[in-house]
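Scroll down for the structure; my scribbles are underneath it.
The values are calculated or read from the model by the stated rules, or taken from the named source; none is laboratory data. Just so you know, these numbers come straight off a predicted model, no measurement behind them. Positions of Cβ are generated from backbone atoms using ideal geometry, with glycine treated the same way; all protein chains shown enter the neighbour counts.
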Amino acid sequence: MRLIDETGEQSGIVPIEKALQQASERGLDLVQVTEKVEPPVCKIMDKGKYLYQLKKKESKQSHRKGGGTKGIRIRFSTSEHDLSIKAKQAHKFLEQGNKIKIELILRGREKALREHARQQIDKFLEILKNYIAIEIDKPNKRLGNRIVLIVKKQ
C-alpha cells in the first residue's frame, strides 16, 4: 500500500504490517484514504479528529446550500407595495435554493371572501414571476383559516 504519514509526506509503498507498526508507534490510526487506485492509499492520522472534521465540513456545506423551506405570510389586505417587498424577499430565498411556503391567513369576515384571498395570492405570484421563473410545487390548499401554497425555483 502507498503510505502517507501524519505530516502529509509520502513514505512510498510499504507492507501493511510495517504501516500498522508505524501508526501504533506514533499513537495514531491507519486510515485507508482511497481504494480505487492500485495500490490503495493509506494515511497515518487520528481517526476521531478526521471524522469530526468531515462531519463539520458536511454540516457547513449543507447549511450553505439551503434546500429548506422558508415562509412568507401575506394578509387579506396587504398592499401592492408590501407584496412587492415580500416578493423581493421570496426571490432571495429562491436564489439560495429554498422552497417558499406562501401563507395567507383569514380572520373573521375575511373567511367568507375566499375568492378575494385567492386573487391576493395570484397578485403575489404575478409579482414574483417578474423576478424569477417559478414552479408551483403544491397547489393551493385550505387549512382551516389559512390558504397555503408551496413554490420552488424552476
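Given the options G67, G71, name the one that is of a type outside the set (A, V, I, L, M, F, W, C) and modelled with pLDDT of 85 or more.
Numbers: G67 fails: modelled with pLDDT of 85 or more.
Just one listed residue meets the conditions, G71.
Tally the residues that are more than 28 Å from the chain's Cα centre (by Cα), of a type outside the set (V, I, T) and closer than 14 Å to L125 by Cβ, restricting the search to region 77-91. Show your work before the answer.
If we filter region 77-91 for residues that are more than 28 Å from the chain's Cα centre (by Cα), which is where we start, we get 77-81.
With of a type outside the set (V, I, T) added as a condition, the list becomes 77, 79-81.
Keeping just the survivors that are closer than 14 Å to L125 by Cβ gives 80.
Counting residues in region 77-91 that are more than 28 Å from the chain's Cα centre (by Cα), of a type outside the set (V, I, T) and closer than 14 Å to L125 by Cβ gives 1.
Among the residues of region 2-39 satisfying the criterion of being surrounded by 13 or more Cβ atoms within 10 Å (Cβ to Cβ) and among the small types (G, A, S), which is farthest from Y50 (Cα to Cα)?
Selected residue: S11.
Given the residues L104, L149, L94, L143, which is the only one that is under 16 Å from G71 (Cβ atoms), surrounded by fewer than 13 Cβ atoms within 10 Å (Cβ to Cβ) and under 27 Å from the mean Cα position of the chain (by Cα)?
Working: L104 fails: surrounded by fewer than 13 Cβ atoms within 10 Å (Cβ to Cβ); L149 fails: surrounded by fewer than 13 Cβ atoms within 10 Å (Cβ to Cβ); L94 fails: surrounded by fewer than 13 Cβ atoms within 10 Å (Cβ to Cβ).
The conditions single out L143.
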